[in-house]
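J.: Pasting a structure here, questions to come.
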Amino acid sequence: MHERIQKLKETIKVLDKEKERIRVIVVRLEIRIQEKEVDFFM
């Protein structure tokens, strides 16, 4: 039982890191999309 809890905690840690990476990627994408829209309207 204890090992399962330990594994869960490690999985949660990994997921948290992945979440951060995904947020960074999404933010970069949004910035690029906004730049393209600006180019489009100029």
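J.: Just checking, does segment 17-31 include any residue being more than 14 Å from the chain's Cα centre (by Cα), in a helix (DSSP H, G or I) and not polar (S, T, N, Q)?
T.: Taking every residue of segment 17-31 in turn, at least one turns out to be more than 14 Å from the chain's Cα centre (by Cα), in a helix (DSSP H, G or I) and not polar (S, T, N, Q).
J.: Considering each of Lys36, Lys17, Lys7, Lys13 in turn, give the residue that is at pLDDT below 95 and of a type in the set (Lys, Arg).
T.: The conditions single out Lys36.
One line per residue, one yes/no per condition, for (1) in contact (Cβ under 8 Å) with a residue 24 or more places away in the chain; (2) exposed (fewer than 10 other Cβ atoms within 10 Å of the Cβ); (3) not aromatic (Phe, Trp, Tyr):
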| position | (1), (2), (3) |
| --- | --- |
| His2 | no, yes, yes |
| Ile5 | no, yes, yes |
| Thr11 | no, no, yes |
| Arg23 | no, no, yes |
| Val26 | no, no, yes |
| Leu29 | no, no, yes |
| Val38 | no, yes, yes |
| Phe41 | no, yes, no |
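The values are calculated or read from the model by the stated rules, or taken from the named source; none is laboratory data. Just so it is clear, the model here is predicted, and its values are computed rather than measured. All Cβ positions, glycine included, derive from the backbone under ideal geometry; neighbour counts span all protein chains shown.
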